[in-house]
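K.L.:
Can you keep this structure in mind? I'll have questions shortly.
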């Protein structure tokens, strides 16, 4: 891999191979260049130790193994965790799979959010309907109570009239019997 601004201290070469977490091997003379933790091998900028991309030039400075997940320095050909080839195609496939998984997670989260919103809306609508039904039932109960009161009043009036008619009939029959 070609590192743009790094130069081998022995021969001045600019092509290196990663041989450790923070060490590069010159392809021309075999000289070793030690990087500070988080140092970008492309521009030399010192990033945070766990940075995946250089904050200065934007280059990918840490490669994650598609098999074991270990983070390897940029330019490494083989994983330091499992020894598997860190082929760029594997990295692209893993990134695509991660992107698809993230898309799926966002989609599931969106569906979950929509479902929760619809559930809350449904509960609100049901609460309104239950309140209307409660008010309707109260109105029915009140109308029945008023109707029963009217019926009692009518029954008392009819009973009173019947009693009056009976009294009148008894008086008339007594008066006619006495004559």
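The values are calculated or read from the model by the stated rules, or taken from the named source; none is laboratory data. These numbers come from a predicted model, not from an experiment. Please note: Cβ atoms are built from the backbone with ideal geometry, for glycine as well, and neighbour counts cover all protein chains shown.
K.L.:
When you look at residue 49, is it under 34 Å from the mean Cα position of the chain (by Cα) and either in a loop (DSSP other than H, G, I, E, B) or modelled with pLDDT of 75 or more (or both), yes or no?
P.N.:
Considered against the rule, which asks whether it is under 34 Å from the mean Cα position of the chain (by Cα) and either in a loop (DSSP other than H, G, I, E, B) or modelled with pLDDT of 75 or more (or both), residue 49 comes out as yes.
K.L.:
Please verify whether segment 112-126 includes one or more residues that are in contact with a strand residue (DSSP E or B) (Cβ under 8 Å, 6 or more places away or on another chain) and surrounded by 10 or more Cβ atoms within 10 Å (Cβ to Cβ).
P.N.:
Checking segment 112-126: not a single residue is in contact with a strand residue (DSSP E or B) (Cβ under 8 Å, 6 or more places away or on another chain) and surrounded by 10 or more Cβ atoms within 10 Å (Cβ to Cβ).
K.L.:
Sticking with this structure for a sec: So which residues in segment 59-75 are closer than 19 Å to residue 14 by Cα, assigned to a loop (DSSP other than H, G, I, E, B) and modelled with pLDDT of 70 or more, if there are any at all?
P.N.:
Result: 59, 61.
K.L.:
Quick one: would you say residue 20 is closer than 19 Å to residue 78 by Cα, modelled with pLDDT of 75 or more and assigned to a loop (DSSP other than H, G, I, E, B)?
P.N.:
The answer is no for residue 20.
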